[in-house]
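Student: Have a look at this one.
Just so it is clear, none of the values below were taken in a lab; they were calculated from the coordinates. Every value quoted in this text rests on a predicted model; they were computed, and no experiment measured them. Here the Cβ is made from the backbone with ideal geometry for all residues, glycine too, and neighbour counts use every protein chain on show.
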Amino acid sequence: MMLSMAPKFFLAAMLGAALLAPIAARAQQTPTLGEIAAREQQRRKALKAGGKTLTNQDFPKTTAPASSATGQTAESKAPQKADASAKPEDPARPEEPVKDEAWWKARISQVREDLRRNEMFADALQTRINSLTNDFTARDDPFQRARIADDRAKAVAEMDRVKADIELNRKKIGEIEEEARKAGAPPGWLR
């Protein structure tokens, strides 16, 4: 009778090994948190090395006159000088950057990256709010409930701020797209 059990046991062991092999292989392929952090650090270094950070010099300067409480502008209060005495602009520095494909892509990609980051943060905040809500309802101790309620209120306030940032980024993207359209930039430059 023992001999008839051996083939069944062997068959069951082989079937179990065949089912567990893909799970073990997938577990070996999953990167650890340290590996993910190292990749992210390398990605950020590559962005710093290859990308250009926009500064105030990259944008055209606006000359909006400051108004006082009396309604007079700063220009009307100052004595008028002759145009010949005004200092000429530095001829070596161009007034506006060249608005080529790279300029448009850099400009819109930065705003899109901010939008993506804020959306991910909003998702994480929503998960935290849901978790805190569940914890609040599961607790009986008034002290613990009060602490959880404070944490939840802070998370909700942060969520409101992040949602405002998301809307601002979406508005900026629309403004950049409209500006590019008016400037005659091809739509492909904004992708």
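Student: Is any residue of segment 120-135 close enough, with backbone N under 17 Å, to a label point placed 7 angstrom from the Cα of Gln144 along the Cα-Cβ axis, and if so, which?
Tutor: Once the point is set 7 Å along Cα→Cβ of Gln144, 131-135 turn out to lie under 17 Å by backbone N, inside segment 120-135.
Student: Continuing with this model, one more query. Round to the nearest 0.05 the FRET efficiency obtained for Glu113 and Lys8 when R0 = 45 Å and r is the Cβ-Cβ distance. Present the calculation step by step, with values, prior to reporting the outcome.
Tutor: Numbers: r = 59 Å, r/R0 = 1.31.
Approximately 0.15, to the nearest 0.05.
Student: If you average over every viewing direction, what projected area does the convex hull of the Cα atoms of segment 103-191 give, in nm²?
Tutor: Values: hull surface 24.2 nm².
Averaging across all directions leaves 6.0 nm² for the Cα convex hull.
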